[in-house]
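Quick notes on the structure that follows.
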Amino acid sequence: MEIRDRVVLVTGAGSGFGEAIARAFSAEGGLVALLDLRLEQAQRVAAELPKGRGIALQADVSVGEAVQAAVLAATKTWHSPSIVVNNAGFTHKNRSCLEVDEATFDRVFAVNVKSIFHMVQAVVPAMRDGGGGSIINIGSTAGIRPRPGLSWYNASKGAVSTLSKSLAVELAPWKIRVNAICPVMSITGMFQDFIGGEDTPETRAKFLSTIPAGRFCEPSDVAQAALYLAHSDFVTGIELPVDGGRTI
């Protein structure tokens, strides 16, 4: 798929993976709608994109009405979205599964899984009527090769992978491709929660020892994977590890 002048929605676009993804699609000429719960963060990134080619929209992606409103705003600004990157995520702290309360569990699944339900309802009809599109869901190596202490988060990302495959099969007749990117740990906003303790050189070394490539994932790694999946017209239903060999 050619990206120039396509409308691209990126959730959680105010920092981390989402910011890098938004910048990457903008660099290829996309019209980028940056959705984030923190409007000021999205505005900061949008302001640094070429004039008229980025808009910041506040949205809690776990709320259907908020997602519908953001998609409508992007459509009114330009036209209906052809590419969506469901990047917004939430985790509980690394701890025993018995120590995570129900409200946190609900928030993990609302942001990581239910948000995709809301986005599909909001964008698929227009993609279908417009001849197709690309939906990219940000999963995690946690959904492929889980770590102890993150069980409920792991389960949510396993759901993202399975959901991506199921949607890929169901939406393929409408030329809508659905794929998942599964990054390994990155030093972004949720890093402290993932490690569960004090961020020390020793703690980082412990986690790095599980990544054969010997480094954490960078936001640019995920952005390049997203560009590949958006461009690749015959790739659908895959869970693409961006993990330096972590899941081997």
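Values computed for the structure shown
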read-out: Amide H within-cut-off set for residue 133, under 5 Å, with H built and near neighbours excluded; value: 176, 177
read-out: Segment 7-240 - Debye-derived log10 I(q)/I(0), Cα point model, q = 0.08, 0.10, 0.13 Å⁻¹; value: -0.27, -0.43, -0.73
read-out: Helical mean residue ellipticity (222 nm; -39500 (n - 2.57) per DSSP H run of 4+; nearest 500) of the chain; value: -13000 deg cm²/dmol
read-out: Helix axis angle, 151-171 relative to the chain longest principal axis, alpha carbon, degrees; value: 30 degrees
read-out: Charge-dipole axis of the chain as Lys and Arg at +1 and Asp and Glu at -1 on Cβ define it, positive-most pick from 127, 156, 174; value: 174
read-out: Approximate shape of segment 1-104 as ellipsoid semi-axes (Cα gyration tensor, √5λ), whole Å, largest first; value: 27, 14, 12
read-out: Lysine pairs with alpha-carbon atoms under 29 Å apart, the chain, spacing 8 or more or separate chains; value: 14
read-out: Whole-Hz ³J(HN,Hα) from phi, Karplus 6.51 cos²θ - 1.76 cosθ + 1.60, for segment 46-54, glycine and proline x; value: 4, 5, 9, 8, x, 4, x, 10, x
read-out: For segment 163-248, diffusion coefficient by Stokes-Einstein and Kirkwood Rh (Cα), 25 °C, 0.890 mPa s, µm²/s; value: 169 µm²/s
read-out: Neighbourhood charge, 15 Å Cβ-Cβ cut-off, centred on residue 47 and excluding it, Lys, Arg +1 and Asp, Glu -1; value: +1
read-out: Segment 184-248 - percent relative contact order, Cα under 8 Å, separation 6 or more; value: 44 percent
read-out: Karplus-derived 3J(HN,Hα), 6.51/-1.76/1.60, for each residue of segment 111-119, Hz, glycine and proline x; value: 7, 7, 10, 4, 4, 5, 4, 4, 5
read-out: Segment 7-240 - charge dipole about Cα centre, Lys and Arg +1 at Cβ, Asp and Glu -1, debye rounded to 20; value: 380 debye
read-out: Percentage relative contact order, segment 7-240, counting C-alpha pairs under 8 Å, at least six apart; value: 21 percent
read-out: Segment 58-103: C-alpha pair distances exceeding 12 Å, %; value: 72 percent
read-out: Whole-Hz ³J(HN,Hα) from phi, Karplus 6.51 cos²θ - 1.76 cosθ + 1.60, for segment 91-97, glycine and proline x; value: 9, 8, 5, 5, 6, 4, 4
read-out: Nearest 10 degrees, 0 to 90: helix 16-27 Cα axis against the chain principal axis; value: 30 degrees
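None of the figures in this text is laboratory data; all of them are computed from the coordinates on show. Model, not experiment: these values are computed from the prediction. Counting neighbours? That spans all protein chains shown, and the Cβs are built from the backbone with ideal geometry, glycine included.
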